């Protein structure tokens, strides 16, 4: 509690962002909320009835000289739907509960742009790779029926960070990810001919630090 | 006097008493023989019978086939196929005017006359004098522009090989298709789905039959005496309709008598097949069925020896027009799964040239009609793998199964034995789509049969006894009997399909796709001519698919 109060007081009393010189190395934790539209639309529609889902997570950015940065993040998506069949575009849900969990751990490196006219806005682009954990559990499973695996993928993203306070920024970006090796070899995804567990995501991050 | 005899005597007395009472109070169905429905006692259930033998080469079966040939008025084509001598099936194009149709018929036949269009038929039956060959007339009609197709009314037959029972190892067949775990997934076991059993009928109700049985000669020319007017007890199978389950019977129909008679089974095949589909289960009695809560629709298209001797049919088996009408009846009256444990042999290319001898375009049209109404159809693949049928040779194409392979939503089912190996009799070819337990005695003896409740042949097939012992049959003594054949394989798939439909998969093409995709691959990797896509797996089919697995 004492620490929180001191942190709040520090933030309030801090000098405006424009008046600060950026440190040569900044370590900035962040919390993140993501809305992702999965590329495997038929697969997710068949099982969950929709393709857009939230992820929640967080991570750390390491910014060097206020321009280059490396970011590591982890997030999680968990949704319960039904086991299903897909035949010639028609979906048949079977009423058997299925829960899928996706846990991406992503490492990206990028560059932060600077606009003299809008110093509080810092556009950025980044690219990297991720390790994507996937578990699938469902009722009436026998040993070997459920899925627990992790595969690699890649990501690219771009957006902008808005400095709302000396110590707090809000970033918004769009990220594209491609994850192969999990979908497409069996299940509904095989019927649908879809093999990408990635998709397009809109991310909002609350970044703490300079 | 044994308990059984006491029960039998009581049954006879009660039936006779009931008959007297019922004759005063009920309307007797007018037919060549009379059936007083719901007048009769509950069946005598003998349990498992261990010493009954009806192997394909057994004396009983040989004599039965000879008797059928002796009683039949059918013609036999050059290919060896039997077809009805008194009729022809013609489907005219819709745009053909009646005058043109009559002209076409006059050009092809000197004696042909249009009959009144039968119920559940989109085709016409042309009555012919016995002097004319229906196959020849059909060929003459096929070339005419007014005609969509014309064919003789080829006989179809049940695809069963009945055999000895063995109590100790009953029903290996249900675990083989992973049914116990499927019942966990769907304990309702198809309670809202109606399965039509297009077959020899079904022992679905008690009745008392009065018939005048004439004398006849068997295949060896031995004369059997007339039995005169007899009263015959008939009972519904306790394991199908017992314990208050009579309500599961939906819209029973006898195609052969055009609905005049109830579709009672006088052969046992349809009752056995029905048992595999939906025998009452978890009642601590007898055997289990696959989808034990389904509603059953008996649709009789195959006549038995007793149908012939009672005067209710001209020959045993059914013909293509009967089967086609049975399919249409089932589709029009609420059935969602149609089990067809029957077949006939023919050329392999009816799909590209349906106007050949032994092809059955009338059945193909009926199947497509039924699938269009949301029905999933299961057809047995045939039992002729080791048989030679001129001119088609050994392992001839099963005509109905070949049709099935060309229609999405209709599957043909081959048979495996209890070791998941090819059952020796099961026909093989590019038309085989799935496999299911059909049983085999080779290597397993009686342990290899598929067991269900049906009639005790000792009381029904009295025409196989010497003339001095020949007597009226009785159809109120049932037992658990072992059969083998693709007839037994098909109802496994029908039951699983009913459970799938109950699970929410209502599209026939989707059901076929699921059954094939979840089948356990056997033999050569991938689809093959022996097992098709493999052994049907009830649990895998019912459990469906996840995203990744």
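Can you go through A:147, A:105 and tell me which one is at pLDDT 95 or above and facing chain B (nearest Cβ under 9 Å)? Matching residue, one of A:147, A:105: A:147. Kindly check whether there is at least one residue in segment A:162-178 that is modelled with pLDDT of 95 or more and within 17 Å of residue A:134 (Cα to Cα). Yes - at least one qualifying residue is present in segment A:162-178.
Mind telling me which of the residues B:324, B:335, B:291 ends up being in a helix (DSSP H, G or I) and crowded, with 24+ Cβ neighbours inside 10 Å?
Values: B:335 fails: in a helix (DSSP H, G or I); B:291 fails: in a helix (DSSP H, G or I).
Residue meeting the stated conditions: B:324.
Each residue in segment B:182-229 was checked for being assigned to a loop (DSSP other than H, G, I, E, B) and within 18 Å of residue B:303 (Cβ to Cβ), and 7 pass. Residue-level analysis places residue B:285 outside the set of residues that are in the same structural domain as residue B:493 (by TED's automatic domain parsing), outside any loop (DSSP other than H, G, I, E, B) and over 19 Å from the mean Cα position of the chain (by Cα).
Scanning segment B:348-386 for residues that are surrounded by fewer than 20 Cβ atoms within 10 Å (Cβ to Cβ), more than 25 Å from residue B:513 (Cβ to Cβ) and in contact (Cβ under 8 Å) with a residue 24 or more places away in the chain yields a total of 4.
For segment A:159-186, which positions are in contact with a helix residue (DSSP H, G or I) (Cβ under 8 Å, 6 or more places away or on another chain) and crowded, with 16+ Cβ neighbours inside 10 Å? Reasoning before the result, please.
So the first thing to find is which residues in segment A:159-186 are in contact with a helix residue (DSSP H, G or I) (Cβ under 8 Å, 6 or more places away or on another chain), and the list is A:163, A:165-168, A:183-184.
Result: A:163, A:166, A:167, A:168, A:183, A:184.
For segment B:50-65, the condition holds for no residue, the condition being that it is under 30 Å from residue B:141 (Cα atoms) and either modelled with pLDDT of 75 or more or not in a strand (DSSP E or B) (or both). I'd like to verify a number: residues in segment B:530-547 that are surrounded by fewer than 24 Cβ atoms within 10 Å (Cβ to Cβ) and under 18 Å from residue A:190 (Cα atoms), how many? Counting residues in segment B:530-547 that are surrounded by fewer than 24 Cβ atoms within 10 Å (Cβ to Cβ) and under 18 Å from residue A:190 (Cα atoms) gives 2.
Condition check: away from chain B (no Cβ under 14 Å) and part of a strand (DSSP E or B). Does residue A:62 satisfy that?
Working: away from chain B (no Cβ under 14 Å): yes; part of a strand (DSSP E or B): yes.
Criteria met by residue A:62.
Scanning segment A:36-46 for any residue that is in contact with a strand residue (DSSP E or B) (Cβ under 9 Å, 6 or more places away or on another chain), more than 13 Å from chain B (Cβ to nearest Cβ) and closer than 30 Å to residue A:137 by Cβ turns up at least one such residue. Every condition in (1) within 25 Å of residue A:207 (Cβ to Cβ); (2) without any contact (Cβ under 8 Å) to a residue 40 or more places away in the chain is met by residue A:132 except one, and the failing one is (2). Taking segment A:88-110 as the search range and keeping residues that are under 24 Å from residue A:134 (Cβ atoms) and touching a helix residue (DSSP H, G or I) at 6+ places or on another chain (Cβ under 8 Å), which one is surrounded by the fewest Cβ atoms within 10 Å (Cβ to Cβ)? Here the answer is A:91. For residue B:340, the conditions (1) farther than 18 Å from residue B:274 by Cα; (2) touching a strand residue (DSSP E or B) at 6+ places or on another chain (Cβ under 7 Å) all hold with the exception of (1). On inspection, residue A:200 passes the criterion of being out of contact with any helix residue (DSSP H, G or I) (no Cβ under 8 Å at 6 or more places or on another chain), touching a residue at least 40 places away in the same chain (Cβ under 8 Å) and surrounded by fewer than 16 Cβ atoms within 10 Å (Cβ to Cβ). Tallying residues that are crowded, with 23+ Cβ neighbours inside 10 Å and in contact with a strand residue (DSSP E or B) (Cβ under 9 Å, 6 or more places away or on another chain) within segment B:172-185 yields 3.
Residues that are touching a helix residue (DSSP H, G or I) at 6+ places or on another chain (Cβ under 9 Å) and part of a strand (DSSP E or B) do occur in segment B:238-252, at least one of them. Considering segment B:433-549, the qualifying helices (runs of 4 or more DSSP H), each wholly inside and each with 1 or more residues that are within 14 Å of chain A (Cβ to nearest Cβ) and over 30 Å from residue B:232 (Cα atoms), run over B:486-502, B:508-517, B:538-543. Do we have any residue at all in segment A:151-163 that's over 18 Å from the mean Cα position of the chain (by Cα) and more than 14 Å from chain B (Cβ to nearest Cβ)? Checking segment A:151-163: at least one residue is over 18 Å from the mean Cα position of the chain (by Cα) and more than 14 Å from chain B (Cβ to nearest Cβ). No other residue among B:362, B:379 is within 22 Å of residue B:84 (Cβ to Cβ), at pLDDT 90 or above and in a strand (DSSP E or B) apart from B:379. Annotation note: of B:113, B:95, B:146, B:132, the sole residue that is free of Cβ contacts under 8 Å to residues at least 12 places away in the same chain and over 16 Å from residue B:360 (Cβ atoms) is B:95. Screening B:439, B:482, B:429 for residues that are under 23 Å from the mean Cα position of the chain (by Cα), farther than 30 Å from residue B:43 by Cβ and surrounded by 21 or more Cβ atoms within 10 Å (Cβ to Cβ) leaves exactly one candidate, B:429.
The values are calculated or read from the model by the stated rules, or taken from the named source; none is laboratory data. Just so you know, these numbers come straight off a predicted model, no measurement behind them. Virtual Cβ from ideal backbone geometry, glycine too; neighbours counted across all protein chains shown.
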